[in-house]
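The values are calculated or read from the model by the stated rules, or taken from the named source; none is laboratory data. On a predicted model such as this, the values are computed, not experimentally measured, just so you know. In this analysis, Cβ positions are derived from the backbone assuming ideal geometry, glycine residues included, and neighbour counts consider all displayed protein chains. The protein model used for the area step is the full one, side chains on, heavy atoms only, and it has no ligands, DNA or RNA in it. Shrake-Rupley method; radii C 1.70, N 1.55, O 1.52, S 1.80 Å.
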Amino acid sequence: MSLLDKHCVPCEGGTDPLTEQRENELHSAVPEWHLNREGIHQISREFTLKNFKGALEFITQVGEIAEAEGHHPDLNLHNYKKVTVTLTTHAINGLSENDFIMAAKIDQLLKKLV
């Protein structure tokens, strides 16, 4: 099943973060995301939008996806049209499948905006 066909599941802790092997498997589905294993594992990607208004609209649409999925990224708007999205599962101090599901859905959103 594709990550796009999946939905995030609630995570309140009590489960282990993904193994590095599983992170690598899921990362192959969203290769433009940077996998950071220093400290708490996370994935991030910088998006460059057309202008400031486009960046704000992108953030709003990412927020709508996050609310629908119940999994919320860190969003950073910088250089007036760049947005860095960072995903990790805070409840488990690492990555879960939810992070990769969100990454795939954000990538799909970008394709619709371009």
* Could you say whether any residue in segment 66-81 is under 25 Å from K112 (Cβ atoms), surrounded by 15 or more Cβ atoms within 10 Å (Cβ to Cβ) and among the charged types (D, E, K, R)? -> yes
* Asked: Out of curiosity, is N76 in contact with a strand residue (DSSP E or B) (Cβ under 8 Å, 6 or more places away or on another chain), free of Cβ contacts under 8 Å to residues at least 12 places away in the same chain and among the polar types (S, T, N, Q)?
  -> yes
* **Subset tally (residues that are touching a strand residue (DSSP E or B) at 6+ places or on another chain (Cβ under 8 Å), open to solvent by less than 20 Å² (accessible area, probe 1.4 Å) and aliphatic (A, V, I, L, M)) for segment 95-114** => 4
* Asked: Out of all the residues in segment 48-61, is one or more under 18 Å from A29 (Cβ atoms) and within 14 Å of the chain's Cα centre (by Cα)?
  -> no
* Could you list, in sequence order, all residues of segment 82-94 that are open to solvent by less than 60 Å² (accessible area, probe 1.4 Å) and either within 17 Å of I40 (Cβ to Cβ) or in contact with a Lys or Arg (Cβ under 7 Å, 6 or more places away or on another chain) (or both)? => T84, V85, T86, L87, T88, T89, A91, I92, G94
* Say whether the condition of being assigned to a helix (DSSP H, G or I) and closer than 20 Å to D107 by Cα is met by at least one residue in segment 84-92. => no
* Residue list for segment 93-114, filter: in a loop (DSSP other than H, G, I, E, B) and in contact with a Pro (Cβ under 8 Å, 6 or more places away or on another chain) -> N93, L95, S96
* Structure fact -> Within segment 38-56, residues in contact (Cβ under 8 Å) with a residue 24 or more places away in the chain and over 13 Å from T88 (Cα atoms) come out as E46, F47, T48, L49, K50, N51, F52, G54, A55
* Here are E46, E32, E38, E23: which of them is outside any loop (DSSP other than H, G, I, E, B) and open to solvent by 90 Å² or more (accessible area, probe 1.4 Å)? -> E46
